[in-house]
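The block underneath contains the structure these notes are about, expressed in structure tokens.
Every number here is computed from the coordinates shown, using simple stated rules; none is lab data. All values reported here derive from a predicted model rather than from experimental measurement. Cβ placement follows ideal geometry from the backbone for every residue including glycine, while neighbour counts extend to all protein chains displayed.
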């Protein structure tokens, strides 16, 4: 029996065509927590997230959502439990912010054609949370990269699911917006008990906002645990091949990597 | 509903009114174009004449010209325009490629090939052809679609829009060549029939063809109108659509089937008309934006208008003979395709 994590994988094997990316992966994402996958480019972290979100079908093995095999669940039902923000989503030209965010209600109103007053209030709530109310009537492709990213986040939260998967939600964002997005996710986690699982590039942000970090390299889990357990020179060396200097962030009290060198064997390259 | 919701919603309500205005304008344009189309041709009638004949006081000869020759041709043009533009809209939505069109992808050519084969074996004379020809064309269209599918199929089930277009163009070229090869085998009457079919003459301009096409068109259009919301989500891309709970592969297959069926049946009566499925969705998107519940009806009406106007031009431009409708559509469509290509390039450069 698989333990009741929101997401759990068992002997998961993932591949693109015949190129194996992940093999025999057993990973779990705890309910009610913020979990971040970290690792170097091409380590398979995005691929794992795609499999968790049933976007990529496993070559073998299983992904369980709340204890049930995700491949056997009706995809429409899954969409009521889990929303996903892909890495580079694209909106068709001419679509307004409000219209795009309203698609977040799609899983719950397939048969009905009209949005209910409740749907509209949820969309407005999602726009307010992402500070997009003023831009509600703007056309998505006219927005800046940062605003566009917030529109997609608004759509994902308008889905009102207990689990949100995000693939690098802070890419394209400047520093203030990065914090804003992560603080929003933190708030959703605290207030609505949303489970958040994401791929993050920035180690310090991952350490600051995550309850659990999973370090991935070559499709395998190098280590998992709290920021304090993962943000140590040994783990970062194994994961990123770097020699890192870790301090406590004086404001947040979380570990932060302030400087790093390449590990010795890589410097000669 | 909260106050903020109301403010945002009032903007979109204004947009809804605007969209209704556009639909009404298109309907008006269609009626006007139909009236003009009724009045022009070999035996020219004035507008007043047309109104007089419609209201029931025309001579037998006038009634014959209007109701037995011109009206079925106009109705067929409208129906074919509707079907082909809807097929184009579906293909563009499913493939995520703005250049998808049943003509370009070889689906029309597939239908054409079976039409030629049919003519080769059964001739053109029998009345039965009216009802069996759409079936033959549909088989050919499905065959072409299946061929494209088999060629681009990958184990992972991920189909890139680009490979669909490139493979489609290749299939189109191959099927056209095969068709040319077969044409050599035809006798004179068969040849005349096939060559006029290839350039897209609305050749079967009588009420039997309207009747043969009507049920197909009504059913298919009704089905795809029920899919508008799925289409909206599908154009967001594979990942987002999956995230929102759409069974991508099933929906894609169904929608492609509907597109092929629409194109196949329309092409069986109209001959190969390209570009309608390309132009109409674009014009519609320009007019009302990308949401299919408005875009699809506007696209269908635009397609109808395009074919009707082209057919009218085809009938009058070199009187007393007439150009094939497909040629006129292509004369309008080819520059539009070039314009689209350059616009797309500019868009990519900007982003």
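Evaluated at q = 0.09, 0.13 Å⁻¹, the base-10 log of the normalised Debye intensity for the stretch B:3-350, with identical point scatterers placed on the Cα atoms, takes the values -0.50, -1.01. Based on the Kirkwood radius over alpha-carbon pairs, what value in µm²/s does the Stokes-Einstein equation return for the translational diffusion coefficient of the stretch A:90-161 at 20 °C and 1.002 mPa s? After rounding, the answer is 179 µm²/s.
How would the stretch A:99-226 be classified by its alpha-carbon gyration tensor: rounded, prolate or oblate, with rounded meaning a/c under 1.5 and the a/b versus b/c comparison settling the rest? Since a/c reaches 1.5 and a/b is larger than b/c, the shape of the stretch A:99-226 is classed as prolate.
Nearest 10 degrees, 0 to 90: what angle lies between the long axis of helix A:145-158 and the longest principal axis of chain A (Cα atoms)? With rounding to tens, the tilt is 70 degrees. Annotation: the antiparallel percentage among DSSP beta bridges lying fully within the protein assembly as shown is about 60.
Computed from Cα atoms, the angle from the helix A:117-129 axis to the main principal axis of chain A rounds to 40 degrees.
Adding -39500 (n - 2.57) for every DSSP H run of four residues or longer, then dividing by how many residues the protein assembly as shown holds, sets the calculated 222 nm ellipticity at -18500 deg cm²/dmol.
Note on chain A: GNM, Cα springs under 10 Å; of A:156, A:197, A:256, the largest mean-square fluctuation is that of A:256. Between helix A:175-192 and chain A there is an angle of about 70 degrees, using the helix long axis and the longest principal axis of the Cα atoms. Can you bin the stretch A:209-269 into rounded, prolate or oblate? Criterion: square roots of the alpha carbon gyration tensor eigenvalues sorted a ≥ b ≥ c, rounded for a/c under 1.5, prolate for a/b above b/c, oblate for the rest. The shape class here is oblate. Computed on the protein assembly as shown, the Cα convex hull volume stands at 181 Å³ per residue.
Place the peptides A:87-97, A:71-81 in order of packing, highest mean first, counting for every residue the other Cβ atoms within 10 Å and averaging per peptide.
Values: A:87-97: 19.4, A:71-81: 15.9.
Ranked by mean Cβ neighbours within 10 Å, highest first: A:87-97, A:71-81.
What separates the Cα centres of the stretch A:119-181 and the stretch A:211-269 is a distance of 30 Å.
Packing around the peptides B:58-70, A:222-234, taken as the average count of other Cβ atoms within 10 Å per residue, puts them in this order, highest first: A:222-234, B:58-70.
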